[in-house]
Amino acid sequence: MNKHFVCAAVLSVPLAAQQTWVPVAEEGLPGIGITEAPLRPRLVNASAFAAGYGIEATVTQFDGAAWRLRHDLAPPVVNLASSIVWDPVARRAVAHCSRVTPAGIGDATTIATFDGETWSVLATTNPPAPRSLPAFGQDGIGGRMLLFGGDVLRDRQRQVFDETWALSGGVWTQLSPVHAPTPRAGATMVFDPIRGRLVLFGGLGLSAELADTWEWDGSDWQQVATPVAPPARTRAAMGWHAGSQRVVLFGGTVGTVAGERRDAFAFDGSSWTPLSVPPSLPVLEIPQLLRDGNDLLLTGRPRGGEAVQTWRWDGSSFTAASPGSGLTARFLPAVAWDDAHGELIRFGGKELNAGVWHQDTWLWSPTSGWRLAQPATVPPPRDMAAMVHDPLRGEVLMFGGRNGSGELADTWIWNGVDWQQRATAVTPAARTRPGIAFHPMRGTVLMHGGDAANDTWSWDGANWTPLATGGSTLTGAASMAWDPRLAIMLLLVDRLPVSSVFQLTGNSWSAAPPVPARLFAIAWDPVASRIAGFWSQRYDFTGSAWVATGENGLGSIYVTAPSLGRMLAPYGLSAATSVFVSTPTPASHSHYGSACATTASPRLTLARRPQLGTTAEFELDTGAAGAPWWLVMGLQAVDRPLAGTCRDHVGTVVAILNGTAAGDGYATTTVAVPPIAALAGVAVQQQLWTLQPVAGGGFGWALSRGLQARLGD
């Protein structure tokens, strides 16, 4: 169902003074801890992973075609989510997050919940001691969660637990079953709803991986002696397959990474049966299995690779699910905005966890997203190269970088279709991470410095010419930007523990006003009409000082897109997987008011931000199988009492959409957002109305909380 927002009046909305980053392309990588989402058909995982030089908590969703980062749904904690479990009673995901340090400083256990609208930290009492890799699952008793085992490594001594803990109503209780598995960490656990048993397999014991199967019946553990069992392993993927009503296990690790498994088994309550794994399904690091309707999705990163793969198990075979664009995160690829062709270009980069450099060329545009280019000529693999668009000649210049053979000193040109290497009479020395920018008053590209260089060169489209400059004698990762307002070129040299800034006057670099904090990159922001510098925070250059804006930084790469009139931040583990654009009027959404129900409270969420010229996608949870629903849309947020405890939260109604939920009570619908600039900043209110059964017969109204969607440009 597709409808347009219908507005009774055009509102004039003033621009916000502060810039905000909003994603215009979100492609995510599923990580540790994964579960089905409260609102299908999307699936959600939350994980904490190294992002550049810090730790970031993320959420990604799988929509049947690709994983997408959901930065608007960031979890409230960044501790590693070792497990995320679906609570069918409360209809929410429950994440067990632990922080365990070698020194025991700041150790914590946090329980976070996600109900499809918001993440919340669950206040708990009497929690178990923080630990790594416990088994965590729900045992079918009123949404109760069960935790078993885990370990802690301190002073080179490993402590392994064999405790059984239950979490119910926010209270942790240590249970005392008659029987229990031996101490272990990294065991896999999943609930079998047909037999009402929580199944546990394997893990790393006191000295070796285990291959035993245990079941929890709600009060005690019982070991299951199976005639056939998977080989010993830890951190395997395990999920409940509704179609065949069996537990499925895939992969895991024995010893080192080289001991990773790529086999699969199904458990029917008495024995394990080997499953056929196609040759094209590789070994997956830390695989994950999660339920998608009657099927299971298997996802993970191939050993030594960065491209996450997603496979579907339908009860009889594994088949490759749609992988999305195939774009993967890389360490410091070369990135530039090609203004002549209206595209962002990304070349190469290094795999994050392996000594492998790449030589692929990716292109991104606001209309078509990411696509893999197929040039006839390809430069050697590299990362840390300099890249910039030369507007005078309508081409992109790339120089240097490094790969496994060492640092590079070659010059390449991208013409929008193919790469061409340029042989020059004079060539700058090999280098990594130099600063590079086009100087419009000279009509040439300037390049300066790098990790081990401090010289300045000029490129005229055919040759390099060294400039006899002075003033900057520092080496280090460099970044350059031209300020058209002040008609000056700025150079940033990032060298631990501080960053230094220089200004080019004639052929000489002189010290510019110092920055109050360390910066990693600078770029011209057309919206703010200033050069902006980034690290963890943003600082704007006024000409005489650097001023903090209060805006957070995003990664380490920033480029100016003149034809878009925006600054872009290709983002994702120090590389480009998502693309953020700076905007004074960001799209956003928030909930307000209260819900009412006869059974379960309806929920209304946005799967995609309401950007002008895009499609806003709503996810509806009616709380009742096959329930009729109405999505009421208006221009005013209200709080009017109705019958019983229900409240009306939408005024000045402009549209009503309707439909029928599926057998699980869920539905989705889309609304096209017109590309009308005057609508930027307009707030549109939504509320879900549905009918739910009433005790004793009949039906009653059930209403969600209000959802305000602010349209962004």
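Things worth noting here:
- The dipole here belongs to region 161-308: it is taken about the Cα centre, uses +1 on the Cβ of Lys and Arg and -1 on the Cβ of Asp and Glu, and is about 260 debye.
- For the peptides 273-280, 506-513, residues were scored by their other Cβ atoms within 10 Å and the scores averaged per peptide; the highest-first order is 506-513, 273-280.
- Residues whose amide H comes within less than 5 Å of that of S556, counting only those at least five positions distant or on another chain, are S574 (H built at 1.01 Å from N in the peptide plane).
- Inverse of mean 1/r across different Cα pairs in region 438-597, Kirkwood, Å: 17.0
- Packing-based ranking, highest mean first, of 383-389, 129-135 given that Cβ atoms within 10 Å are counted: 383-389, 129-135
- Convex hull per residue volume in Å³, alpha carbons only, for region 559-713: 128
- Cα gyration tensor shape for region 586-642, rounded if a/c is under 1.5, else prolate or oblate: oblate
- Cα shape, region 180-295, gyration tensor, a/c 1.5 rule: oblate
- Whole-Hz couplings from phi, Karplus 6.51/-1.76/1.60, listed for region 118-124; x for Gly and Pro: 9, 8, 9, 8, 7, 6, 10
- Alpha carbon centroid spacing (whole Å) that separates region 447-474 from region 607-626: 52
- Cα centroids of region 119-156 and region 194-212: 16 Å apart.
- F502 sits among other residues whose Cβ lies under 14 Å from its own Cβ, and their net charge, with Lys and Arg +1 and Asp and Glu -1, is -2.
- For trypsin sites (Lys or Arg not before Pro), the sites in region 137-200 that DSSP calls loop and that have at most 13 other Cβ atoms within 10 Å are R156.
- Under 13 Å, Cβ to Cβ, from Q537 - net charge with Lys/Arg +1 and Asp/Glu -1: 0
- Within the shell of other residues whose beta carbon sits under 12 angstrom from the beta carbon of M384, the net charge comes to +3, with Lys and Arg scored +1 and Asp and Glu -1.
- G349 long-range amide H proximity, modeled H, under 5 Å: A334, H358, R382, D383
- Residues whose amide H falls under 5 Å from that of T310, counting only those 5 or more places apart or on a different chain, are A321, with hydrogens built in the peptide plane.
- Rounded if a/c under 1.5, otherwise prolate or oblate - region 79-230, Cα gyration tensor axes: oblate
- Whole-Hz Karplus values for region 586-591 come out as x, 6, 8, 8, 7, 9 Hz, taken residue by residue from phi with 6.51 cos²θ - 1.76 cosθ + 1.60 and θ = phi - 60°; glycine and proline positions read x.
Bear in mind that the values in this text are calculations on the coordinates, not laboratory data. Please read these numbers as outputs of a predicted model, since none were measured by experiment. Glycine also receives a Cβ, built like all others from the backbone with ideal geometry; neighbour counts cover every protein chain displayed.
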